[in-house]
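To start, the structure itself, in structure tokens.
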Amino acid sequence: MRIYCSVSSTPLNPRQDLDRAKPGAPQLRRRGAGKRIESGTLVSETIHGWDNKISELFTAVHELFKLRLARMWRSTPELDSFLEVFTRMANRLLENPAYLKNAQLQDQIFHVFCVCIDSYNKLYNIATIVTQDIQHYDHLADPLAVLLKMCSESYGTPQLADEVLRVMANKEFSTVHDKSGPKNLVGFLVALSEHSPKAMIRQIGLFAHYLDSDSQLMRSAIIEVIGNLIIYLSEQEQVEMTKNQLIEYFDILEQRFSDIHYLVRAKVLQLWGRQVDILIAGDPPRPQSMASHQTIPYLMARSIKAKFPKQRPRLVDLVVKRFHDKTSNVRKNAIRALIALIETHPFIMDG
């Protein structure tokens, strides 16, 4: 395929650019080019409206991929090569955090990936892109979780999330001091449990072996994921299977109160004592001292108060035992957890 210039209608020759860079070669100067472009400068910083043009391009690509492109090529390899041109381009854009600031561009790129899976059977190709990006780019943890949610809910293809989780579950982090390896995976798993808890619930069993891993980061991540799943399940209809899942998740959290690493013990307590800025719609009025903040423990303790009161006494006993922990960080989080459990007690009087 030859690319022609829209002005001169002559083939573009890549050797021309190399010749211009040679010593003594004539330098062509663009009109209005008064400043030299430094190496490493983004195109969007030098060309006005570049981000919008890229967004428009992928909007057009999204509409193009909806057509029956298989009729344009006689063989599958030709069609695959055509699709790969745009999926590679999309992946290169995702690698740059600056382009992710454009929400419309990110959304269109994700639609292109989803259509490739839905219409062209490119599940394993896109899964390979996602798994590689998770391992190499920490800024893609949350966006890729959004991609898996979009594929599952908007396109009815939960297979992408299942395949990615199966691949990532086979990663081994056996070294205690290995922090760079599991860091990106930790962020992705936590983000996915927040954006698409259904996908995480289907494959959570594959990550159970990480609870016995030497990496405290992975153990802490699984604990946080289970906390998010408890929040999700507590808001669903309490059928027998849901109740059994909740009992199993609570048992795992209770076991981690005695984890050998103090950061893991602190993480369990943070699920009941860490304050975050989350406002729960439909909550009854709360005391003025807590009006500006909502807490994860309040959300979880409210679930226990309403549907699982049997867990509360055991949790209080486990939290109180952590008052004698040898680490100050654990003791501090134990105090916060106990305060949260007291403030959300079923018989507390507001006002």
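How large, in percent, is the carbon and sulfur part of the accessible surface of region 208-276 at a probe radius of 1.4 Å? Its accessible area is 50 percent carbon and sulfur atoms.
Model label sites at Q238 and N52, defined 7 Å from Cα along the beta-carbon direction, differ in position by 5.4 nm.
What's the local net charge at A141, with K and R +1, D and E -1, over the other residues with C-beta under 14 Å away? The partial results should precede the final answer.
On the way: positive: K149, K183; negative: E95, D133, D138, D142, E194, E224.
That sum, taken over residues with Cβ under 14 Å, equals -4.
Atom-type composition of the exposed protein surface of region 116-207 places 47 percent of the accessible area on carbon and sulfur (1.4 angstrom probe). Using a probe of 1.4 angstrom and keeping all protein chains present, the accessible surface of region 109-155 works out to 40 square angstrom per residue.
The values are calculated or read from the model by the stated rules, or taken from the named source; none is laboratory data. Note that this is a predicted model, so its numbers are computed, not measured. Note that each Cβ is placed from the backbone with ideal geometry, even for glycine, and that neighbours are counted across all protein chains shown. Quick note on the areas: whole protein, heavy atoms, side chains included, nothing else; ligands and nucleic acids left out. Shrake-Rupley method; radii C 1.70, N 1.55, O 1.52, S 1.80 Å.
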